[in-house]
Structure formats: structure tokens, C-alpha cells
Amino acid sequence: MSIGYSRFLRLTEVEQRALNEFVAQLQDRLNGNLLSVTLFGSRARGVGGPDSDLDVLVVVERDDLAVRRTIRYLAADVWLAHGAFISTRVWSRERRERMEREPTLLSRNIQRDSIDLLPSIKVPMPR
């Protein structure tokens, strides 16, 4: 699946391929548990340097150790395959909703800088 957002095009080809593969693997492995995948941080703003990582927020319906481990391993596999380091944050739907009610600096930055990588975002961030 190709992600066709104009800000996504600021990324290198390697980063685009890595993120496309990461999202596809998340969809395959997490099935109905995956709610959203969002790129944020310096790479999403288009200001990251050559050594910048790809900050990705993954929101799932149910968050537990097995889900976090799966996501970390997938990110590591993509890093090894493409050389693009994906730094993940995993939030449950409940935590994302809490961030809507009580926004933090991080959640505001994610909202401001985010590039949605999953076509159907089911849990919006606060505006």
C-alpha cells in the first residue's frame, strides 16, 4: 500500500518504503486491534537530519506486553531490512481518549505534526 500524502513525500524513498512495509505488517499481524498509525516528530515536520529516527505512534484497541513486543519486533525487522530506524510509541484507545480530554505537550505535538499512515483513522486526536 502506498501512502500518498504530500508531507510523506518529504521523506526519503528508503523511509517511505520502510513505513509502507511497517504499516502493512502491522495490519497483517494486529488484525482488528490496530486503530491508527501516525508519523510525528522531526521527520513528519520535514526537518529531520540524516540520523533522525522515524517517530511513529501506534494506537491499538487493546494494549498489552505481547502487542508491544510484536510492534517492537516489526519495527526492528523493518530497520534491518531498510536501514530506517522506527521509534515506536504504543497507546491503547483508552489512553488516546484520555489525551483528548487532558492533552499533554506530546499529544499536542503529535496532533500538530502528524502524518496519518493508516487510511482509516478511527480515534481522532484533539484539535
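Every number here is computed from the coordinates shown, using simple stated rules; none is lab data. Just so it is clear, the structure is predicted and the values come from calculations on it, not from any experiment. Quick reminder, even Gly has a Cβ in these numbers, built from the backbone with ideal geometry, and neighbours come from all protein chains shown.
Once the other residues with Cβ under 15 Å from the Cβ of Asp28 are scored (Lys, Arg +1; Asp, Glu -1), what is the net sum?
On the way: positive: Arg29; negative: Glu21, Asp77.
After counting each charged neighbour, the total is -1.
Which helices, counted as full DSSP H runs in the chain, have an axial Cα extent of no less than 20 Å and a Kyte-Doolittle average of -1.0 or above? Could you put the intermediate results ahead of the total?
Details: long enough: 13-30 (25 Å, -0.60); 65-82 (25 Å, 0.47).
Length and hydropathy pass: 13-30, 65-82.
At 222 nm, what helix-only mean residue ellipticity would the chain give, in deg cm²/dmol to the nearest 500, using -39500 (n - 2.57) for each DSSP H run of four or more?
Working: 5 runs with 58 residues, N = 127.
So the helix-based figure for the chain works out to -14000 deg cm²/dmol.
As a rough guide to protection, the peptides 99-108, 15-24 ranked by mean Cβ packing within 10 Å, highest first, stand as 15-24, 99-108. Between the range 9-31 and the range 35-94, the C-alpha centres lie 10 angstrom from each other. When a/c is below 1.5 the answer is rounded, else prolate if a/b is larger than b/c, else oblate, so apply that to the chain with a ≥ b ≥ c taken from the square roots of the Cα gyration tensor eigenvalues. Here the chain falls in the oblate category.
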